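Readers should treat all values here as calculations from the given coordinates under stated rules, not as data from a laboratory. Since this is a predicted model, take the numbers as computed values, not measurements. Here the Cβ positions follow ideal geometry from the backbone for every residue, glycine too, while neighbour counts run over all protein chains shown.
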Amino acid sequence: MKITQETDYALRIVEKLSENPDQVLGSSILAEELGIPLRFALKILRKLNLARITSANRGIKGGYYLKMKPKDITYKKVIEAIEGEIY
């Protein structure tokens, strides 16, 4: 199975957030550390938020964090959040 670059980046973002599930990371930090263009990272994070995998805080201490426990997140959930339902 081939996955799109967007899905690859989404998997990387979820993996990065899973390293410290209690930590909130800004989109610019995620994009820089993972080598993802910021606008693309924001698009992916929006989709992950809609799928309720991640969530965001606004403000000075704002950023993105996992809304689910890392053990409950599957590759399938992340892929479907980005690509749509798998048949």
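Too long at a 19 Å Cα-Cα cut-off: which of K43/K69; K43/K71; K16/K69; K2/K69?
Checking Cα-Cα distances, K43/K69; K43/K71; K2/K69 exceed 19 Å.
Determine ³J(HN,Hα), in whole Hz, for all residues of segment 28-39 in sequence, where each value follows from phi through the Karplus function 6.51 cos²θ - 1.76 cosθ + 1.60 and θ = phi - 60°; x replaces Gly and Pro.
Karplus values, whole Hz, x for Gly and Pro: 5, 5, 4, 4, 5, 5, 9, x, 10, x, 4, 4.
Work out how much length K2 to K67 would gain on full extension: take 0.36 nm times their residue separation and subtract the Cα-Cα distance, in nm to one decimal.
Gain in length upon complete extension: 20.7 nm.
Only residues of segment 22-37 count here: report those whose backbone N is under 18 Å from the spot 7 Å along Cα→Cβ of R58, or say none.
25-28
Against the longest principal axis of the chain, how steep is helix 5-19, in degrees 0 to 90 to the nearest 10, with axes from Cα atoms?
The helix 5-19 is inclined about 50 degrees to the chain.
Write down, largest first, the equivalent ellipsoid semi-axes of segment 13-71 in whole Å, where each equals the square root of 5 times an eigenvalue of the alpha-carbon gyration tensor.
Semi-axes (√(5λ), whole Å): 15, 12, 12.
Pop a pseudo-label 7 angstrom from the Cα along the beta-carbon direction at both V24 and A51 and give the gap in nm to one decimal.
The two pseudo-label positions are separated by 2.3 nm.
Return the sequence-ordered ³J(HN,Hα) values of segment 52-58 in whole Hz as given by the Karplus equation 6.51 cos²θ - 1.76 cosθ + 1.60 applied to θ = phi - 60°, using x for Gly and Pro.
6, 8, 10, 8, 9, 10, 9
Helix-derived [θ] at 222 nm for the chain: sum -39500 (n - 2.57) over DSSP H runs of at least 4, divide by residue count, nearest 500?
Using -39500 (n - 2.57) per qualifying helix, the result is -16000 deg cm²/dmol.
Starting from the amide H of T54, placed 1.01 Å from N in the peptide plane, find each other amide H under 5 Å away whose residue is 5 or more places distant or on another chain.
Residues meeting the amide H criterion: N49, K67.
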